[in-house]
Ligand code: NAD
């Protein structure tokens, strides 16, 4: 009928406008390193587009920004295909939403689940490929399937091991970042060219001259590894990564109703552990403590610990189903998002 037709026309126009805006903001953020809007505003538009696409599936474009990872591919560096796609993360914007996700995810699994909570480092995503224990390639996330080879630049970062303690063939993921204090002093010298440490880190990694990269004190936290056999859980991955010589973040929480994890707490007294009920308190405390860290985080990442469960849950084209990012700043609730019509 007429009313539905009118609504659909309005939605078509809004979908087009939102997609155009998100493409433009992606370019500014990932390619030019100069975001035009805040992350909160970006997420608000993204959620609104997702909502419209759910309501009107026929309006979902094949190249919709909701279907893919924002691309930071640059023509200055060779392109390399990733062995495992590097995707985005699903998001929760409140502790309640996060707990809801945990409940739904664990509800599908009979027993024996545990959740690992890590800080979501606000840096630049990188994949490091090692062959025979030697760093062979460092590749940016790119569009998730193809990234840029920035090996020469990454080799200048002291905390990236060039040789591991074992001659293994592995791919690991991490976040390259610039500590806050280094950012402040460097940016001042550069005439406050960059809006935050992430932008400076991203700009530095794209320098064509590696000598200039070496002058910036970038560092790394490695948080994921892919092994054909060996570790059975995320905690075992983290332990193994440490033993290979990688720098991992010690601020990790493990929450479980399993009893066999007490051993981990003994081996890693610096890792927080507790029951599921204690996770909420940990999330709230970590949120409060974020300002006292010497690096920026924009949220926490909650991941299922058991790798066999991860395999069962798998991936959508956009994110793994076994992890979620709890973002600190919440875009205003979806009902308010309707006012975007007028704002954009
Ligand atoms: P994401 O927020 O979906 O998070 C995924 C990334 O988190 C990973 O690729 C990884 O690099 C990083 N990460 C950090 N610590 C991690 C850990 N411990 N475990 C796992 N991953 C970890 O990232 P995205 O897809 O790059 O970006 C989407 C977000 O970027 C949006 O939600 C928005 O906030 C922001 N964005 C902002 C603008 C803007 O104009 N302001 C534009 C585009 C995107």
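A few remarks follow.
- Restricting the calculation to alpha carbons of the range 2-67 gives Rg and Dmax of 12.9, 45 angstrom.
- Among 162, 238, 193, the largest mean-square fluctuation in a Gaussian network model of the chain, built with springs joining Cα atoms closer than 10 Å, belongs to 193.
- Length gained on full extension, residue 312 to residue 184, computed as 0.36 nm times the residue gap minus the Cα-Cα distance: 41.7 nm.
- Helix-only CD estimate at 222 nm, as mean residue ellipticity for the chain, using -39500 (n - 2.57) per DSSP H run (n ≥ 4): -11000 deg cm²/dmol
- Full-stretch length increase - residue 278, residue 56 - with 0.36 nm per residue and alpha-carbon distance subtracted: 76.0 nm
- Kirkwood hydrodynamic radius of the range 1-131, from inverse mean 1/r over distinct Cα pairs, in Å: 18.0
- Prolate/oblate/rounded call for the chain, Cα gyration tensor, a/c under 1.5 rounded: oblate
- Spin-label pair residue 289/residue 209, simplified geometry with 7 Å Cα→Cβ offset, distance in nm: 4.1
- Spin-label zone in the range 296-318 - amide nitrogen under 11 Å from a point set 7 Å from the Cα of residue 90 along the C-beta vector: 304, 313-316
- Label-point separation, residue 81 to residue 134 (7 Å along Cα→Cβ), nm: 2.5
- Three semi-axes describe the equivalent ellipsoid of the range 130-199; taken as square roots of 5 times the Cα gyration tensor eigenvalues and ordered largest first, they are 28, 15, 9 Å.
Here, each number is a calculation from the coordinates, and none is a lab measurement. All figures in this text were calculated on a predicted structure; none of them were measured in a lab. So basically every Cβ, Gly included, is an ideal-geometry build from the backbone, and we count neighbours across all protein chains shown.
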